[in-house]
Amino acid sequence: MTETDGAATAPQAADPGPRKASWKYIGPGIVVAATGVGAGDLVATLIAGSKFGYTLLWAAVVGCLVKISLAEATGRWHLATGRTIFEGWRSLGRWTTWYFAVYIVVWGFVYGATAMSSSALPVVALFPDGPGLKVWAAITGVLGLLFVWFNRYAVFEKVMTAMIGVMFVVVVHVAVRVGPSLPSTFSGLVPALPDGSLLYTLGIVGGVGGTITMAAYGYWVNAKGWTTSGWMKVMRLDNRVAYVTTGIFVVAMLIIGAELLNSTNLVLTSGDKGLVDLGDVLEKRFGSATATLFLVGFFATSFSSLIGVWHGVSLMFADFVERLRKEAVRAEAAAEGGAAEVAKGEREKSAPFRAYLLWLTFPPMALLFLDQPFGLVLVYGVLGAFFMPFLAFTLIALLNSDRTPREWRNGRLSNVMLAAAGLLFVVLCVQQIRDLF
């Protein structure tokens, strides 16, 4: 692989991978599914179901296909080139470094507070006589920090698998309990746009299943030990499992919204608190045991997103710092007329990884006790809205050039799906910016 001209050759096949894809290998996909499905995503889908019944079910299917395409492209880049997504972005120009640097710092600061608050909400509902929301939020943040700090990917994956198991059982159980109408459910697979449903449709297609965590997927693939193109079939199976699982969550929440809320005209609080409202509705209809089970699932959803971001985005930040250091060392060596080799350490033990963990945990606690500064929230919203178009269009650039071995470049279908995803997220981006102002 050469780095001087941006071109790439296939990584050495020292690890040819397994002969065929098998369920026993899957893991990173489960992690990305557990991280990407947050409480806010479930609320948005729930509200869409409460307003439009099953009409937008088809949008959930389209959303899964879009996210499968994006994550597959990210994983394919890592395996086909032996380079990380940040290395790919860097090859497109220095502007990507500036964008990513601002994004990951501001995003991490505001997201840290959001994730901690979301994880604390169900705990407060389960233990109303305990500490308040802010204290519980800080506790969940520190627990996430300690877990990621002292564990490596293998343990992290097992815990995430357990949490997504809890999420799956709870959400599907509640969806079955509310008694879905199968004919009505299947009728929702026919594309339709009722009046006033466009933004909800775009939200379902684009909002569920992760943002920056999709870019982190390639890092989890590498952490699993998949580093060559020999693992491509396994990665693709793993990725499909991830977003089929995500699709089941979305469909289940749409069913709950359609059957439990649409028919009774109940209105939920916007944001993550809507799931606490749903717990109250479930208690009145099915009893305290079902409500408690749902709140446990709510916690698993929120806390798995928290530790997923604490781990995955910290890996991305560590790679970001590592690449900049290598470039600085090489530039210095070149200026002195020599060559330099930079030692590659384990990212999960590196100082940048742990520094970003601390950044995600402690500075955001200030936002738990203070009103969020308007200017910071504005920058966060704008940067967040731009990230998914940035990911989609940069993947098109990387996977259609000589940076990627010819065998693994985009085909027509991949280009169509990535372009459609990019355009979709541009529309969502414009709408989010309009909402901010």
Residues located in the stretch 116-142, provided they are within 20 Å of the chain's Cα centre (by Cα) and either modelled with pLDDT of 95 or more or not hydrophobic (A, V, I, L, M, F, W, C) (or both): 117, 118, 119, 140, 141
Residue check for residue 383: within 23 Å of the chain's Cα centre (by Cα), surrounded by 15 or more Cβ atoms within 10 Å (Cβ to Cβ) and at pLDDT below 70: yes
Every pair of residues 6+ apart whose Cβ atoms lie under 8 Å, when the first sits in the stretch 35-47 and is in a helix (DSSP H, G or I) while the second is open to solvent by less than 10 Å² (accessible area, probe 1.4 Å) and aromatic (Phe, Trp, Tyr): 39/298; 42/249
Condition broken by residue 250, with the remaining ones in (1) at pLDDT 85 or above; (2) assigned to a helix (DSSP H, G or I); (3) surrounded by 18 or more Cβ atoms within 10 Å (Cβ to Cβ) satisfied: (1)
Some residue of the stretch 201-221 being assigned to a loop (DSSP other than H, G, I, E, B), modelled with pLDDT under 85 and among the β-branched types (Val, Ile, Thr): yes
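What are the residues in the stretch 102-115 that are open to solvent by 30 Å² or more (accessible area, probe 1.4 Å) and either closer than 13 Å to residue 317 by Cα or not in a helix (DSSP H, G or I) (or both), if any? Quick ask: steps written out before the conclusion?
Kept after step one, since they are open to solvent by 30 Å² or more (accessible area, probe 1.4 Å), are these residues of the stretch 102-115: 102, 105, 109, 111, 114.
Hits for the stretch 102-115 are 102, 105.
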Failed item, numbered, when residue 167 is tested on (1) open to solvent by 10 Å² or more (accessible area, probe 1.4 Å); (2) part of a helix (DSSP H, G or I); (3) not hydroxyl-bearing (Ser, Thr, Tyr): (1)
Residue 396 among the hydrophobic types (A, V, I, L, M, F, W, C), surrounded by 13 or more Cβ atoms within 10 Å (Cβ to Cβ) and at pLDDT 95 or above: yes
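The values are calculated or read from the model by the stated rules, or taken from the named source; none is laboratory data. Quantities reported herein were computed from a predicted structural model and do not represent experimental measurements. Cβ: placed from backbone, ideal geometry, glycine included. Neighbour counts: every protein chain shown. Accessible surface is based on the protein model in full, side chains and every heavy atom, while ligands, DNA and RNA are left aside. Shrake-Rupley method; radii C 1.70, N 1.55, O 1.52, S 1.80 Å.
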